[in-house]
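Before any comments, here is the structure.
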Amino acid sequence: MSRQARLSLGLALMLAIGSTAFAQDVKTDYARGTDFSQYKTFMWIKEPETTNPLTKQRVVDDVNAALTAKGLKLVTSDADLCIAAHAATSQKRTLNTFYDGFGGGWRWHGGFGSATTTVDTYTVGTLVVDIFDSKTKDAIWRGTSSKTLSGDPEKNAGSLNKAVAKMFKDFPPSGKKAN
């Protein structure tokens with residue numbers, strides 16, 4: 001093998017390894033047993049906090065487009081589903097308190113009249129999208145994508161679009177389509 005061929009092969013291998021190391025890691029989870037076909041509408045209860053307002057708008061627009069493509073309708077009140085998104089362009093720690101009784105807040109776990117506080121650490125570049133049932137206020141779906149956001153707004157535009165598309169590719173879960 002010639003020197004040039006070895007260099008070309010080595011460069012190709014490094015690029016393949018490098019692109020794998022920087023690839024987005026998209027994961028989703030949902031509440032088993034949820035009948036997603038009952039949901040027709042959605043609204044935002046928490047838009048992502050970002051330093052760049054264009055990045056915030058891109059997240060909202062991409063999620064809106066993904067959900068409307070799945071047959072859901074965006075409304076401003078009385079929705080079936082409520083959307084909350086979190087974005088981290090630097091490492092963040094957040095305290096989340098979900099009330100599951102008095103006060104009627106949005107929650108992750110059952111129980112009566114108690115509050116659960118958790119600490120989440122989001123790594124640089126993470127986008128988290130949570131979907132809640134508006135009647136029960138229970139979380140029914142979560143999508144996370146790491147290595148999605150950076151300090152570079154131009155890079156974010158394409159990266160966000162790909163991440164949200166991957167996140168909602170199989171939404172709604174279990175083959176139950178929102179109509």
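The values are calculated or read from the model by the stated rules, or taken from the named source; none is laboratory data. Everything quoted here is computed from the prediction, not taken from an experiment. Please note: Cβ atoms are built from the backbone with ideal geometry, for glycine as well, and neighbour counts cover all protein chains shown. For the accessible areas, the whole protein counts, side chains as well, though only heavy atoms, and no ligand, DNA or RNA atoms are used. Shrake-Rupley method; radii C 1.70, N 1.55, O 1.52, S 1.80 Å.
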Just one of Leu13, Leu7 is at pLDDT below 50, more than 24 Å from Ser146 (Cα to Cα), open to solvent by 40 Å² or more (accessible area, probe 1.4 Å) and not small (Gly, Ala, Ser); which is it? Leu7
Hits in segment 136-179 - residues which are without any contact (Cβ under 8 Å) to a residue 12 or more places away in the chain and closer than 22 Å to Cys82 by Cβ: Thr136, Lys169
Candidate set from segment 25-43 (those that are under 30 Å from Lys155 (Cα atoms) and over 13 Å from the mean Cα position of the chain (by Cα)); member that is surrounded by the most Cβ atoms within 10 Å (Cβ to Cβ): Phe42
If you scan segment 146-167, which residues turn out to be surrounded by fewer than 24 Cβ atoms within 10 Å (Cβ to Cβ) and among the small types (Gly, Ala, Ser)? Ser146, Ser150, Gly151, Ala157, Gly158, Ser159, Ala165
Can you find a residue that is farther than 18 Å from Glu47 by Cα, at pLDDT 65 or above and either out of contact with any Gly (no Cβ under 7 Å at 6 or more places or on another chain) or in a loop (DSSP other than H, G, I, E, B) (or both) anywhere in segment 82-94? no
Those residues of segment 108-139 which are under 28 Å from Thr51 (Cα atoms), assigned to a strand (DSSP E or B) and modelled with pLDDT of 55 or more, in sequence order: Thr118, Val119, Asp120, Thr121, Thr126, Leu127, Val128, Val129, Asp130, Ile131, Phe132, Ala139
Gly105 vs (1) closer than 18 Å to Ile131 by Cβ; (2) open to solvent by less than 80 Å² (accessible area, probe 1.4 Å); (3) part of a loop (DSSP other than H, G, I, E, B); (4) modelled with pLDDT of 70 or more: all pass except (4)
